[in-house]
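Below: the structure, in C-alpha cells.
The values are calculated or read from the model by the stated rules, or taken from the named source; none is laboratory data. Since the structure is predicted, the reported quantities are computational estimates derived from the model, not experimental observations. Quick reminder, even Gly has a Cβ in these numbers, built from the backbone with ideal geometry, and neighbours come from all protein chains shown. With ligands, DNA and RNA removed, areas are computed over all heavy atoms of the protein, side chains included. Shrake-Rupley method; radii C 1.70, N 1.55, O 1.52, S 1.80 Å.
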Amino acid sequence: MKISIRHRYIKKIPVLEVVLDEYKDKKLPLVIYYHGWQSAKELSLTQARKLANQGLRVILPDAMNHGERKTGAISSIPSVTFWSSIQFNIIEFSVIVRYFKKRGLIENDKIGVGGVSMGGITTCALLTQHEEIKVAACMMGTPAPLRYIERVMERAEEMDFYVPEDLPLLLSWVAHYDLSKKPETLAQRPVLFWHGTKDAKIPYEDMEEFYHENADEPYMVNSQFITGVDEGHLVKGEMMDKVAAFFAKTLNG
C-alpha cells in the first residue's frame, strides 16, 4: 500500500507525517517518534514506514538544534545542547498532540510515543508526566537521566572539559522527569525497552538495573525489556519490525 509522507509545520515545529495514503484523512492512533542526538527526523523514516503500515499515523519532529532547526555549533559545555533539545521535545509534545486532536484525527485518544537514544530519553521523560500516553517504546535511551548527567560530568572531569559548577542546578528540571525515581508512573501501560549490551554512548546497565528492580511491580506488568546481546548504539531493521508489531498489538489492537 502507498505511504503518504507529508512535511508540515506545527506551530513552527517541522515534522514529517507518515501514514498510509488511503487513511491520511481518517481518525487513527497517533505515534510521535523522536530521533536521536545530532540526527534528524528523516533518519527515522524507516521505522515510521513500518509503523504506518500497521495503520498508525506517525509524526517525526525535528528536535530543537537538529535538522531544520539546527542554527549553529553545539555548546562546548558538555550536555547543555543535548538537554536543551530534550526539554524542547517535552514542551512541544502537547503542542503536536493538540494539533491532531483539534482536527479530530486521533482515534479514541490512542496516543503512543517512541524514540531512539535522545528520543528514548525523551520518551521515558514524557511517561512521568503524561497520563494520556497509552503505549511507548524506549530504544537505547535511559530511564535514569540524573544518573546519565552524573556520568557525563564524571567523564568531562576525566577529560578536563570545563563544566560550570552550577550545571546540575541549571538542569534541575530533569529531576521531575526521571522515570527511575518515579517508576510507578508507568501505571501498567505497555512499554517496550530495548538496549544493546555493547552500547558505548548510553550505558546498558542503567536500563537493565531499572527494569529488573521494578519488573515484579504491578505498574510494570505490561512492560517488557529486550536485550540486544553484543549490539551497539544502533537499532537494526529486525528490531524496528518488533517495535512496529508492538505498537500494532498494544495501540492498534
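Please work out the ratio of the alpha-carbon Rg of the range 1-141 to 2.2 N^0.38 Å and round it to two decimals.
Ratio of Rg to 2.2 N^0.38 Å for the range 1-141: 0.99.
Per the Debye formula on identical point scatterers at the alpha carbon atoms of the chain, with no solvent, log10 I(q)/I(0) at q = 0.11 Å⁻¹ is -0.55.
In this simple spin-label approximation, K2 and T185 carry label points 7 Å from Cα along the Cα→Cβ vector, and these lie 4.2 nm apart. Global size of the range 139-200: 14.3, 43 Å for Rg and Dmax (C-alpha atoms, Rg to one decimal, Dmax whole). Restricting the range 57-92 to trypsin sites (Lys or Arg not before Pro) that sit in a DSSP loop and have at most 14 other Cβ atoms within 10 Å of their own Cβ leaves K70.
Normalising by the residue count of the range 21-159, find the relative contact order in percent from Cα pairs under 8 Å and 6+ residues apart.
In percent, rounded to a whole number, it is 27.
Picking from A144, A175, A156, which is most flexible by a Gaussian network model of the chain using Cα springs under 10 Å? Maximum fluctuation in the GNM of the chain, among the listed residues, is at A156. Among D109, D62, D230, the largest mean-square fluctuation in a Gaussian network model of the chain (Cα springs under 10 Å) belongs to D230. Quick one: which of K24/K249; K24/K70; K2/K249 span more than 24 angstrom between C-alpha atoms? Correct reply: K24/K70. Averaging the Cα positions of each part gives two centres, and for the range 56-102 and the range 162-187 these lie 18 Å apart.
For the range 1-129, with all protein chains present and a 1.4 Å probe, just round the carbon and sulfur fraction of the accessible area to a whole percent. Heavy-atom surface of the range 1-129 belonging to carbon and sulfur, 1.4 Å probe: 49 percent.
Enumerate by residue number the GluC sites (Glu not before Pro) in the range 71-156 meeting two conditions: DSSP loop (anything except H, G, I, E, B), and at most 15 other Cβ atoms within 10 Å of the site's Cβ.
Taking the range 71-156 and a limit of 15 other Cβ atoms within 10 Å, the loop GluC sites (Glu not before Pro) found are E131, E132.
Label-to-label distance, K27 versus N108, with points set 7 angstrom from Cα along the beta-carbon direction: 1.0 nm.
In a fully extended conformation the segment linking S75 and K242 would gain 56.5 nm over its present Cα-Cα distance, using 0.36 nm per residue.
R155: net charge of surrounding residues, Cβ under 13 Å, Lys/Arg +1, Asp/Glu -1, itself excluded? Once all neighbours under 13 Å are counted, the net charge is -2. Convex hull volume of the Cα atoms of the range 80-215, normalised per residue: 107 Å³.
Across the range 109-253, the mean sequence separation of Cα contacts (distance under 8 Å, 6 or more residues apart), normalised by length, yields a relative contact order of 27 percent. For the range 164-253, applying the loop criterion from DSSP together with a ceiling of 12 other beta carbons within 10 Å to the GluC sites (Glu not before Pro) yields E165.
A 1.4 Å probe run over the protein chains yields, for the chain, 47 Å² of accessible area per residue, whole-number rounding. Computed over the range 22-64, the range of Cα coordinates on each principal axis works out to 33, 18, 12 Å, biggest value leading. If you run the Gaussian network model on the chain, springs between alpha carbon atoms under 10 Å, then out of P183, P143, P168 the most flexible one is P168.
Average projection, convex hull of the Cα set of the range 158-253: 8.4 square nanometres. By how many degrees, between 0 and 90 and to the nearest 10, does the Cα long axis of helix 204-214 differ from the longest principal axis of the chain? Tilt of helix 204-214: around 70 degrees.
With semi-axes defined as the square roots of five times the eigenvalues of the C-alpha gyration tensor, the equivalent ellipsoid of the range 24-93 measures 27, 12, 9 Å, largest first. For the range 42-109, relative contact order (Cα pairs under 8 Å, six or more residues apart, normalised by length) works out to 20 percent. Nearest 10 degrees, 0 to 90: what angle lies between the long axis of helix 118-127 and the longest principal axis of the chain (Cα atoms)? Helix 118-127 sits at roughly 80 degrees to that axis.
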